[in-house]
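Working notes, structure below.
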Amino acid sequence: MRLFLRRAAVFLLTAVLLLWPCAAQAALVVKDIRYSDSAEKTRVVLDINENVTLAEAAGFGNRIALEIGAGAAGEDVKDIILSGRLLRQVKLFKIKDGRLLLDIMLGEETAYSAFVLKEPWRLVVDIFKNYDIKNEETIAPGLVYTNIRRRAGERVLKMHYLTVDKSRWRLRPAMANREALRRDSLKNIIYDNHAAAGVNASYFDRDGWVIGNLKINGEIVAGEERGRTALLIYQDESMEFALTDYYAQIVLPDKTILPVKGVNRARLADDLVVYESSFARRVKASQPGCDVIIDKDGKVLALDFTGDVVCEKDEVIISGHGAMADYLSALKPGDTVVFSQSMGDQADKAAHVLGAGPRLIDTGRIVSGGNPEDFPPDIMNGRAPRTAVGINGKGDAVLFVADGRSKESAGLTLWEAAEELLAFGVVDAMNLDGGGSSEMVIGSQVMNSPSDKQERKISVALAVAAKPPEP
């Protein structure tokens, strides 16, 4: 019956339009009007004979009124009733100066887009439905991908979840090229680490410098003095979130204590950085200082002042500039120094530490109030693409990416990201790097739409790998 009414309505309007007499001069002719429905929108199409200009006329929430700027032939068109939840009535009639008014009444307030297509000429009005569509797919036993598409008025959103069963899969931080100060695409990092899936993780700068605390297989890869949230993964694969801050020092033979400012990153002016051979192969510095090569026991093997030092296996390089270089230059081969470092009691017990932040959810409650982790405004404020990691009520991990900065998805504030995760069953969560870095890969497929329109090269991923079989 509904199909019959729709066809009857379209036939009636078509008949009325075709009966318009032709004007002596060239004029706009509306040849036909039709509409179609999909899950996400209703499309109204006017078949016309030439290009037109459009102007939005005065209206209200559930009305679309468009002035069509061209002289039209014929008489006024009568009201046409079109059945449907969203589309209630379409009127097309003449107004002043021979222009047409397209007046569309809707069943609810929503957003729309009007535009003209050519060859053949068509005036198209897309009326977007409010929807909340959820699709779920089991990628492998214990690995479930969920895609949510939502529209509420003018706000559209696309979100991606990957639920990781802790009994079958494990999470691991994974580095680009398995080395500090390098960057690569998420797809390549996942492939190189023989992982099944993953998301982007740590903050970083252009040269690959990891910003935040990072530990892989018990070895500290990067350190951050500020106290910020990190994901801790223990030897038994249990996980938790905690504030971590990096502290390290070098004790010289005369008991002088030198504070270490960073690990496996570029050395700056008046800086003291340590490079460990497991993740860094050479010193990165813009100007020479003093580089002291020690073995794992702290014995000084050599000093170098060229700034071009390679870190060999089982070696550590202590690299200083300015006053720090002056202290180091007093050492000589055979001396012994004591190098110690820590991320705090909890993090020191973990096999893996992935620092990012801020904390989004703590034991089922959204974290609010100020900026205690001292993040810059571009992270804290506004809607943007977001990546996060959480733990649900079963103790399983949930990886999350929300698209943003596009017509297809507006992105999320940190608070909104926390709300979405909480609604998905996550009880603890932290934010990861976002913006153009936000990405989820499963197998070799990018599941989301990065706002850069392509994969951004990143430094660290959070990878999902199958657990080895029980012995």
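The values are calculated or read from the model by the stated rules, or taken from the named source; none is laboratory data. Predicted, not measured: the structure shown is a model, and the values here were computed from it. Virtual Cβ from ideal backbone geometry, glycine too; neighbours counted across all protein chains shown.
On the phi > 0 side of the Ramachandran plot and at pLDDT 95 or above: does that describe Lys255? Yes: the conditions hold for Lys255.
Every condition in (1) farther than 30 Å from Ser113 by Cβ; (2) exposed (fewer than 15 other Cβ atoms within 10 Å of the Cβ); (3) not small (Gly, Ala, Ser) is met by Trp415 except one, and the failing one is (1).
Annotation note: of Asp362, Asp378, the sole residue that is among the charged types (D, E, K, R), assigned by TED's automatic domain parsing to the domain that holds Asn217 and in contact with an Asp or Glu (Cβ under 7 Å, 6 or more places away or on another chain) is Asp362. In region 58-73, the residue that is modelled with the lowest pLDDT out of those that are crowded, with 16+ Cβ neighbours inside 10 Å and out of contact with any Phe, Trp or Tyr (no Cβ under 6 Å at 6 or more places or on another chain) is Ala72. Out of all the residues in region 29-46, which are outside any strand (DSSP E or B) and touching a helix residue (DSSP H, G or I) at 6+ places or on another chain (Cβ under 9 Å)? Selection gives Val29 alone. With respect to (1) touching a Pro at 6+ places or on another chain (Cβ under 8 Å); (2) under 22 Å from Ala461 (Cα atoms); (3) not aromatic (Phe, Trp, Tyr), the lone exception for Gln249 is condition (2). Condition check for Asn200 on (1) in contact with a Ser or Thr (Cβ under 6 Å, 6 or more places away or on another chain); (2) modelled with pLDDT under 95: one failure, at (2). Can Leu421 be described as more than 29 Å from Asn130 (Cβ to Cβ), within 18 Å of the chain's Cα centre (by Cα) and outside any loop (DSSP other than H, G, I, E, B)? It is false that Leu421 is more than 29 Å from Asn130 (Cβ to Cβ), within 18 Å of the chain's Cα centre (by Cα) and outside any loop (DSSP other than H, G, I, E, B).
When Ser38 is tested against the conditions (1) over 24 Å from Arg155 (Cβ atoms); (2) exposed (fewer than 13 other Cβ atoms within 10 Å of the Cβ); (3) modelled with pLDDT of 85 or more, the lone failure is (1). Restricting Ser449, Ser368 to residues that are modelled with pLDDT of 95 or more and not aromatic (Phe, Trp, Tyr) narrows the list to Ser449. Is it true that some residue in region 280-303 is under 30 Å from Asp374 (Cβ atoms) and modelled with pLDDT of 95 or more? Yes: region 280-303 contains one or more residues that are under 30 Å from Asp374 (Cβ atoms) and modelled with pLDDT of 95 or more. Is at least one residue of region 356-377 part of a strand (DSSP E or B), farther than 27 Å from Lys296 by Cβ and of a type in the set (Gly, Ala, Ser)? Checked against the condition, which is being part of a strand (DSSP E or B), farther than 27 Å from Lys296 by Cβ and of a type in the set (Gly, Ala, Ser), region 356-377 yields no hits at all.
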